[in-house]
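Before any comments, here is the structure.
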Amino acid sequence: ATSSHPIPLINAKVRSKVCREGTKITFGRVCPSGDLAASLKTRRPNQGTSFLVGVSLVTTPSHQSHDQAHQNSARSEIMSRHGDISSSPDTVGVCVFQYPMPRLHTNEEVIENAKKICDIVKGTKIGLPGMDLIVFPEYSTMGIMYDRQEMFDTACAIPGPLTDMFGEACKEAGVWGVFSLTGEQHEEHPKKNPYNTLVLINDKGEIVQKYRKLLPWTPIEGWTPGNLGTLVNEGPKGMKISMIICDDGNYPEIWRDCAMKGAELIIRPQGYMYPAKDQQVQVSKTMAWCNQVYVAVANASGFDGVYTYFGHSAVIGMDGRTLGECGTEDNGIQFAQLSISGIRDARANDQSQNQLFKLTHRGYTGVYANGDGEKGLAECPFDWYKTWVNNPILAQKMAEGVTRKTIGVSCCPVAGIPEPKEEEEEVLCHELEQELNLT
């Protein structure tokens, strides 16, 4: 079929079309040539023949019929799903468990609480036989130790008794698990504050990944910032997994770092409290969409005497749409099946919203049309990121230039954070005025 209204292909969009004969086309490729007649003759090795239906240019792969392409597309669209208790060889059954925030004080209390978590691992597997992975919230094992001495007294070694308990539970249940340890002893314990740590344990009881929170929730959290970076490991059925913690998720950089390293599922345990409910529900969905990645959020619920935790644990599809989400209830669960082939197919074949590909192949359509190669532009166009890598102190000063220069804020003091001195504030205000040409 040919178009009766030729248009430059640089503006043409490949979309599902129904031609006069009723044939539905669901797969296509825009030819960079502006000449429709020439495009009809375009053929490249292993790419099939380009032809027109209506005004859309479509490519028929030489090894695959249109019916096969449509079936494969439809299959990948329905593979990730919610509502059943099963999983399949192509899907990873992921459960997020909304554990109520405990308030604990001693190692004995921590051990008793860990036993409850182990029982939940084994019991939930009975109810969800397709469960391959269970995720618990940040602070679920130890709670928040508001007393500094209690924090040091209960800080644990990894591996150690707690990870041994979790490993045995995973092995017995035949599942993988993500567990929070707040905190993990610093290498210079007890001279320096602990780390806020997650462990990913496999169905053999082995620690596969240990992640330390990179961006503690300052000014409240006093954890030593993590020093292991972001990590990616193969999880159940070969799905590639990264872990981040709570406030980490407010920084787009960490999601992109995990995704570009190959993560297909980013797990975000959190102990997030009101008033930030709406923002935190939104950010996980947005980051799933922006990075073509599945997201599993396990949040705490309840009141620990200081904060009220809003729950809303969720499993989110790689298109940013929620597969299942809890309310505010204690001990809520959500469970979904995440397709391995579905996400890999999307990353390989999606085009207009393939952010991971497009970021480092910037403007490839125009670059190719200009005869300047097929890869687009690879270099980073963002000045601040270049500065951060090459001169982090200068990048810090740039951030201070648009925010503030001290960690404390005099109008709202926070315990443990030094308030700016009065004379220091005057100097800083004078510097700011000069920078803004106000004097």
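The values are calculated or read from the model by the stated rules, or taken from the named source; none is laboratory data. Quantities reported herein were computed from a predicted structural model and do not represent experimental measurements. Here the Cβ is made from the backbone with ideal geometry for all residues, glycine too, and neighbour counts use every protein chain on show. Accessible surface areas use protein heavy atoms only, side chains included; no ligands, DNA or RNA. Shrake-Rupley method; radii C 1.70, N 1.55, O 1.52, S 1.80 Å.
The table that follows gives values for the structure above.
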{"item": "Violating pairs (Cα-Cα greater than 22 angstrom) within the set K204/K237; K397/K421; K285/K405; K261/K386; K191/K397; K122/K204", "result": "K285/K405; K191/K397"}
{"item": "16 Å Cα-Cα reach of K192 towards lysines, excluding residues that sit fewer than 8 places from it in its own chain", "result": "K213"}
{"item": "Positive dipole terminus of segment 152-310, leading residue within I266, P190, G167 (C-beta point charges)", "result": "I266"}
{"item": "Carbon plus sulfur fraction of accessible area for segment 189-305, probe 1.4 Å, in percent", "result": "54"}
{"item": "Within straight-line cross-link reach of K375, lysines at Cα separation under 17 Å, skipping those fewer than 8 residues along the same chain", "result": "K358"}
{"item": "Phi to ³J(HN,Hα) by Karplus 6.51 cos²θ - 1.76 cosθ + 1.60 over segment 139-155, Hz, x for Gly, Pro", "result": "6, 5, 7, 10, x, 8, 8, 6, 8, 4, 5, 4, 4, 6, 5, 9, 4"}
{"item": "Å² of accessible area per residue within segment 279-415, as computed with a 1.4 Å probe and no ligands counted", "result": "54"}
